[in-house]
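Working notes, beginning with the structure itself.
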Amino acid sequence: MTPVHIGSRRRSRARRGTALLAALVTIALLASVTAMASRAARDSAAIAVNSRAQAVARAMAESGVLAARVGLEEALTGAGADSTALDAVFDALTREARSATPRAFAADSLGDGVYAATIVNVSARLDVNTAGAEGLARLFRTVAPAGEADRIAARLAARVRGDAVSRPARDSAAVRDSLAAALLGRPTSPRLMRPFASLDEVETLLGADAPWLGRVAEELTVDGDGRIDRRHASSAVLAAASGSLVDRPTRLLVVARGWQAGHPLTREIQAVYAVEGTELRLVRWRERDR
């Protein structure tokens, strides 16, 4: 009888050990599932927070562009046909932009959203897309050795002319552009132009080849229309410019940034406007996160 009793106790202990092991495995699985669920919940919450911050930032940046446009149009309308008053409006923009601590032209908040907008007179800058190698070289020589300035200027001008585009792509684009020009009754161009869409593209192209570029960055633009505001352009820009000279800006750039208070994400919108009397007409729109 004793051997049977001992065997039963051994089997009982084995069953208890198996049950304990199963319980431990189950607890470990439940802990893992709980941890994954908690992590997923946190990730979802973070995504929701970031999505809201992005929406708020963009809405506020758009509000900044609108506020700056309306504010400037009101100032121009108030000046009316008075030449001196109109000059005073644009003079004030230039003074503020060149001050040691420039203030925003328009700034406000709504709830936890904030925006600030500034206005840049791009007519007082040298356009990378239209200045040509000679004009760019003249400006670059003010901060770089002549040989280096000439080399970088030629490189930028070649990029604008489309020299870096492969022959098949250039020929295909030329055919397409020639057809479009013929349909629109415009003269055809013998080459494919590849203008820069932003100064960031210029910086990306040159990289470390032009470490001095930042010293003339505020004298450059890609948003001009071939006319230079001689009253507000620097002497270096006037010496390098080859376009026609005017007495007031014909292009203005509104740079608006919006963000949600307490969140690091900032949305920047750059809106280029053509100045037509007392009104601003949108000609270009760029957005990016900062």
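Residue check: is V237 outside any strand (DSSP E or B) and touching a strand residue (DSSP E or B) at 6+ places or on another chain (Cβ under 6 Å)?
Numbers: outside any strand (DSSP E or B): yes; touching a strand residue (DSSP E or B) at 6+ places or on another chain (Cβ under 6 Å): yes.
Here the answer is yes, as V237 does meet what is asked.
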* To do: Considering only segment 63-112, state which residues are closer than 18 Å to L282 by Cα and among the basic types (K, R).
  => R69
* What tally of residues in segment 79-108 results from selecting those that are small (G, A, S) and either assigned to a strand (DSSP E or B) or on the phi > 0 side of the Ramachandran plot (or both)? -> 3
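Filter segment 125-141 down to residues that are within 27 Å of the chain's Cα centre (by Cα) and not in a helix (DSSP H, G or I) and give me whichever is surrounded by the fewest Cβ atoms within 10 Å (Cβ to Cβ). Working first, answer last.
Quick first cut of segment 125-141, residues within 27 Å of the chain's Cα centre (by Cα) only: 125-133, 135-137, 139-140.
Then drop every residue that is not not in a helix (DSSP H, G or I), which leaves 125-131.
On the way: R125: 29, L126: 28, D127: 28, V128: 25, N129: 20, T130: 18, A131: 28.
Here the answer is T130.
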* To do: Take the residues in segment 29-71 that are out of contact with any strand residue (DSSP E or B) (no Cβ under 8 Å at 6 or more places or on another chain) and modelled with pLDDT of 80 or more, then tell me which one is surrounded by the most Cβ atoms within 10 Å (Cβ to Cβ).
  => L66
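Residues in segment 64-77: is at least one touching a Lys or Arg at 6+ places or on another chain (Cβ under 9 Å) and under 28 Å from D229 (Cβ atoms)?
Let us first name the residues in segment 64-77 that are touching a Lys or Arg at 6+ places or on another chain (Cβ under 9 Å), namely 64.
Those still in the list that are under 28 Å from D229 (Cβ atoms) too: 64.
Scanning segment 64-77 turns up at least one residue that is touching a Lys or Arg at 6+ places or on another chain (Cβ under 9 Å) and under 28 Å from D229 (Cβ atoms).
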* Structure fact -> In the set R231, R194, the lone residue that is in a loop (DSSP other than H, G, I, E, B), within 24 Å of T77 (Cα to Cα) and of a type outside the set (G, A, S) is R231
* Could you count how many residues in segment 72-111 are within 23 Å of the chain's Cα centre (by Cα) and either under 17 Å from E276 (Cβ atoms) or crowded, with 18+ Cβ neighbours inside 10 Å (or both)? -> 6
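The values are calculated or read from the model by the stated rules, or taken from the named source; none is laboratory data. Please read all numbers here as calculations on a predicted model, not as lab measurements. Every residue, glycine among them, receives a Cβ derived from its backbone with ideal geometry; neighbour counts consider all protein chains shown.
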